[in-house]
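Each value in this text was obtained by applying a stated rule to the coordinates, not by laboratory testing. Only a predicted model underlies this, so the values are computations on that prediction, with no experimental measurement involved. Using ideal geometry, Cβ is built from the backbone for each residue, glycine included, and neighbour counts are taken over all protein chains shown.
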């Protein structure tokens, strides 16, 4: 523990309130456990591992350990709507992450995180289901004051996410999170934040330990400008490039190059909240050009003076499909690195060739309990292209079918923040399919997920 002299340096005056313990963050590297240098900070078991001081003079020089455990039971009676003979499946997905976080003063951070992911009883495994032991993150970050602002450089394996994680996410819904081998530079001054990055997304392999890799066959990089506006509203614009060699779509294959422009605007005011994002993509794949687009929007109004503080929400999303399979222009939107939580954990809906309209009601019976009830209708943006499931998997036999209506689903979700370390959730989805999926051999689908999380 910290010495008395160090503890006294960490306080400002005897009359100050005790420092609060850091919350367990979604991005664990953002936590600052140097507050434990102050003896007035509330203590918990194993705090000697949360804060190991390495300097008698600087409380910001320390080593911290942590861990996350997530267990989720899933039951899905029709993966891919049952097209192709998929069978009902009940299984567990299990994720364990452990980390070491070394701070050398306020300027230098070295963060390392290991992952171990398993999927007991799941018979059809994908790369995002299982990863026995691998390096999830390992980066060095340097932060320096510069011209009235703050410059941050981060190098190494890391996780990158933008905004609501519609298109660039850490992929927290499935079992194996997504990491990037990347260089990231950001400068923040006042209401402005400028970022630039280049990355090679990590490709997961589950047949051994420490086998994940990245290379130049899959890259993503760009520049981003963010501006804080009135009352917490934020505007951002991102210009980026995605490459994949090779890439496969229904009508064309080859090396893929997409130049991307994304604009995002979010905020809250007078009970209203909103989050709107638009993305355009052009480029080349094999012999074909690319022209694709997507729109995402969430808006709501919270009745704060009514019991349970109901929020009435409306979600509208759309993404382009390929309207003419023979015109040598691919219109199928590439959702990049999407987050399954944004639509529904069931995975019945991909952010490709669709129109998605979803009214919802969110309730808060207590401060720790949140209930969501929603119903959504889905249509294809063009009947020439397929119905897609997450993230961008076409359902066989649906491209070219005449009806645009895909189906309707109902969603019920409960989130319970038990305390600072424990959380639980239940999500249930029922999807009633339209004629396009039924003629392709599909049937109505049901999903239920029961989740438990622990963070230390």
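Points to keep in mind about this one:
- Once the chain from residue 270 to residue 75 is taken as fully extended at 0.36 nm per residue, the excess over their C-alpha distance is 66.2 nm.
- When only alpha carbons are used to place a centre, the stretch 232-273 and the stretch 170-188 end up 15 Å from one another.
- Cβ-Cβ FRET estimate between residue 405 and residue 309, R0 fixed at 35 Å, reported to 0.05: 0.50
- Each of the peptides 223-236, 55-68 was scored by the mean count of other Cβ atoms within 10 Å over its residues; in descending order, highest first, they stand as 55-68, 223-236.
- Label-zone membership for the stretch 205-246, site residue 118, 7 angstrom Cα→C-beta point, backbone N under 20 Å: 205-212
- Computed FRET value (nearest 0.05) for residue 368 with residue 255, which takes r as the C-beta separation and R₀ as 56 Å: 0.65
- Burial ranking of peptide ranges 45-54, 283-292 (average Cβ count within 10 Å, highest at the top): 283-292, 45-54
- Placing pseudo-labels 7 Å out from each Cα toward the beta carbon at residue 291 and residue 211 gives an inter-label distance of 4.4 nm.
- Exposure proxy ranking, count of Cβ atoms within 10 Å, fewest first, for 304, 320: 304, 320
- On full extension, the segment bounded by residue 248 and residue 357 gains 36.4 nm, given 0.36 nm per residue less the C-alpha separation.
- Listed values (i) 22.0, 64; (ii) 23.4, 76; (iii) 20.2, 60, entry calculated as Rg and Dmax of the Cα atoms in Å: (ii)
- When peptides 330-341, 356-367 are ranked by their average number of other Cβ atoms within 10 Å per residue, the highest-first order is 330-341, 356-367.
- Cα→Cβ-extended label distance, 7 Å offset, between residue 416 and residue 228, nm: 3.7
- A Förster radius of 56 Å, combined with the Cβ-Cβ distance separating residue 52 from residue 426, puts the computed FRET efficiency at roughly 0.90.
- Sequence-separation-based contact order of the chain, relative, with Cα cut under 8 Å and 6+ spacing, percent: 11
- Placing a label point 7 Å from the Cα of residue 133 along the Cα-to-Cβ direction, the residues of the stretch 202-240 with a backbone N closer than 12 Å are 208-211.
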